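The values are calculated or read from the model by the stated rules, or taken from the named source; none is laboratory data. Fair warning: this is a prediction, and the values are worked out from it, not measured in the lab. Neighbour counts run over all protein chains shown; Cβ positions are idealised from the backbone, glycine included. Areas reflect the complete protein model, heavy atoms only, side chains present, ligands, DNA and RNA absent. Shrake-Rupley method; radii C 1.70, N 1.55, O 1.52, S 1.80 Å.
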Amino acid sequence: MKGRAFGFTGTMLRVNLSRGTMEEEPLDVDASRKFLGGKGYGAYILFRELRKGIHPLGPDNKLVFMTGPLTGTRAPTGNRFCVCTKSPLTGGWLDSHCGGSWGPALKWSGYDGIVVEGRAEKPTYLYIRDSQKSLRDASWLWGSDTFTTERLLKDEHGADGMPRVVEIGPAGERGALLAAIMSEVRAAGRGGPGAVMGSKNLKAIVVSGSSKPDDLVRDPAGMKAAVREAHRKIAEDFRTSKARSGGLVIRGSCNIADGINEAGGWPTRNFQEGSFDKILEVDGDAFADSLWVPRQSPGTRPCWNCPISCAHVAIIEKGRWAGTVTEGPEYETVWAFGPQCGISDREAIARADYLCDHFGIDTMSVGNTVGFLMECFEKGLISKEETDGVDLRFGDAEAMVEAVERAGTLRGSLGRLVGNGVKRASEEIGKGSESFAMHSKGLEFPAYEPRAAQGMGLAYARSDRGACHLRPWTAGKEMLGWNAMDPRTTEGKASEVKTGTQNIAVAWDSSGLCLFSSFAYDEAVVLKMVAAATGFEYEDLDEFLRIGERIDNLTRAFNVREGFRRKDDSLPDRCLKEPHSVGPCKGLVVRLDEMLNQYYDLCGWSRDGVPTQEKLLSLGLDFVSEQIHGRGGTHG
Amino acid sequence: MVRVRVRAFAQLGRVLGHEFELRLKSGSDVGDLLRVLEGRIGRGSKLISSDGTIPPGLSILLNGLSVQLSGGSQAALSEGDVVSLLPASAGG
């Protein structure tokens, strides 16, 4: 480390649960200039510290909680932290991100990030207040749902300022491969980070701190100007502006459901169709008109420092699930328990959302897997013996909710099948079900039909953490009509996916900003805020964006080291061999091989998907090249 | 005469109705359709800009594809076309 860190506290905390030790270490400022924070810095740590082949749920795996340089600053939406680890779901790289207030609180407590190692002998939680830290007994919390855990810990430590909590629920404790890490009903949900936390007997991390946002910044005047520009752009954009009743503000993330459905891209009944005939019963307006409480009501709260405020709160007042209160459901969750399962019952969707948050499990992957099992059940590939007597058919809301409830604790055969995800379920069921188990690398597909958007097909297949809709989100251009790209063709998709992935990796996933701010302002605005916060003097925007390419090659190399190759950049046969049934892309399949060749060539990777030595060295990734190619270079 | 099916969402759907058929003169384009609908909504609501372009707060799909791909407001309408009117949206 050279010089003082700005935008960061300059201190990392390393916790070894096996030994019960906690040690502070300096943030490597040179590394943070090259990898920024968040995902990038987490990858820098884990590539060097994790040995190839370790078991994701063993004590050798590590869990990195990492903020970015804009987390906890006045940058609008600067509230994100990420969790990096080796995924138990995919066996490869995982970064999962979360908003709320915990990330800023960690920063204000004196740490940029926490590296968790080993495994505690008994249930434990970590408590931090202004750099004072202790490991404490969590036996009294073990078995509690996430809401109860958070409330009990806030009661316990509420006298010490405003404690913020991340925690796991019963799903993480029991090692469900779909388990999430939760914080204030928000989730680092994808890829099973909750199972890793549970495997370490770590129930929660409580943080509170008294630093202020301005304490972290190198150039307060420059920051003020850049933040003002970012706010202005958010206020002007039709999608993010409160004054313009922007879609994200009024109808939440579910504001896109209508457009995606019209484009034939809303997967229905486990991707057998691409359009849901009951769209008007489950779109953003339908939830706003029925279940969501009015904005600004008590209990509705946006993430810290977010002028967009996409979050909504649903309350079920009557009937079988009366008393259910849940944040959301968000777009992906509405899809997962709605069209994916052939269900238009909004209360059932909200109930399933609540149960997932309660148990601490990923809504997207759970709903995907339930839809898959419904198809298996209807095709006679599984019977009531495997579903514990549940008549698991498309459109049956009660059966769907029952399956979700069982998944939360891995209860019975059905709970185990759902809670460990679609890849394991299809491997156990066999009988050809693998062809319609909708995942890539083991991570379940999200709410976009790739046959209706070739770019999304490539994005799902090449993503470092498995089928992800955010790396990048080509759906906006392919299906929603802004800066339109033809969803039917492969033209330009490799370039779009490469550039989008890399830019997101640096400007949002490593800076501490929410990706939704990208709808209003671009990477140049992010750079202004990063430069003001950190004092890093990047030559130009290209040099800043080159960080994204460096990060993407680093996580790619992480997976290559674990044995991932082109064969793993794959999609199920349903996408490759069964033509799409509706809409403008009717008759089309994903032309993946063609796009992968173009994509690898653009990236400077071999046709087997391995970054070349030349590419790695050009990005300053010498330490990576040595592991992938050896000192002399052996693998093209 | 050309008959098209209009599907409108969010606030536009509340005002215009969610789905209905519209008859237009032969040779009409998307801009013509928007002017007709604008007349139904009343004063103060703009579905088409004074320069003839589609305003940034509105997204239009023609048979499920962005109308930007086929000429924007000048995209020609054919018998049986489905025109979806959506507010600018983002999220996911």
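Residues in the stretch A:168-213 that are closer than 16 Å to A:CYS98 by Cβ and hydroxyl-bearing (Ser, Thr, Tyr): 1 in all. Please work out which residue is farthest from the other protein chains (Cβ to nearest Cβ), limiting yourself to the stretch B:49-76 and to residues that are in a strand (DSSP E or B) and small (Gly, Ala, Ser). Here the residue is B:ALA76.
For the stretch A:562-575, enumerate the residues that are in a helix (DSSP H, G or I) and out of contact with any helix residue (DSSP H, G or I) (no Cβ under 6 Å at 6 or more places or on another chain). A:ARG566, A:LYS567, A:ASP568, listed by residue number. Within the option set A:ASP608, A:ASP601, A:ASP593, A:ASP542, being assigned to a loop (DSSP other than H, G, I, E, B), open to solvent by 30 Å² or more (accessible area, probe 1.4 Å) and of a type in the set (Asp, Glu) holds for one residue only, A:ASP608. Selection of first residues in the stretch A:511-540 that are more than 23 Å from A:SER101 (Cβ to Cβ) and of second residues that are of a type in the set (Ser, Thr, Tyr), restricted to Cβ pairs under 8 Å at least 6 apart or on distinct chains, gives the following pairs, ordered by first then second residue: A:LEU527/A:TYR538; A:ALA531/A:TYR538. Please verify whether the stretch A:466-474 includes one or more residues that are crowded, with 23+ Cβ neighbours inside 10 Å and in a helix (DSSP H, G or I). Taking every residue of the stretch A:466-474 in turn, none turns out to be crowded, with 23+ Cβ neighbours inside 10 Å and in a helix (DSSP H, G or I). For the criterion of being open to solvent by 20 Å² or more (accessible area, probe 1.4 Å), within 14 Å of another protein chain (Cβ to nearest Cβ), in contact with a helix residue (DSSP H, G or I) (Cβ under 8 Å, 6 or more places away or on another chain) and not acidic (Asp, Glu), A:CYS306 fails. The helices (runs of 4 or more DSSP H) found wholly in the stretch A:216-290 and carrying at least 1 residues that are open to solvent by less than 70 Å² (accessible area, probe 1.4 Å), facing chain B (nearest Cβ under 9 Å) and hydrophobic (A, V, I, L, M, F, W, C) occupy A:247-251, A:257-262, A:279-282. If you filter the stretch A:611-636 down to residues that are in a helix (DSSP H, G or I) and of a type in the set (Val, Ile, Thr), you find that the one that is nearest to the chain's Cα centre (by Cα) is A:VAL624.
Within the stretch B:77-92, the set of residues being open to solvent by 20 Å² or more (accessible area, probe 1.4 Å) and at the interface with another protein chain (Cβ under 7 Å from one of its Cβ atoms) comprises just one member, B:PRO87. Within the stretch A:310-324, restricting attention to residues that are buried (at least 16 other Cβ atoms within 10 Å of the Cβ) and in contact with a strand residue (DSSP E or B) (Cβ under 9 Å, 6 or more places away or on another chain), which residue is nearest to A:ASN79 (Cα to Cα)? Only one residue fits best here, namely A:ALA311.
For the stretch B:47-72, a residue qualifies if it is within 14 Å of A:GLY259 (Cα to Cα) and crowded, with 20+ Cβ neighbours inside 10 Å, and the qualifying residues are B:SER59, B:ILE60, B:LEU61, B:LEU62, B:GLY64, B:LEU65, B:SER66, B:VAL67. Comparison of A:ARG451, A:ARG424 shows that the only residue that is away from every other protein chain (no Cβ under 14 Å) and either part of a loop (DSSP other than H, G, I, E, B) or under 23 Å from the mean Cα position of the chain (by Cα) (or both) is A:ARG424.
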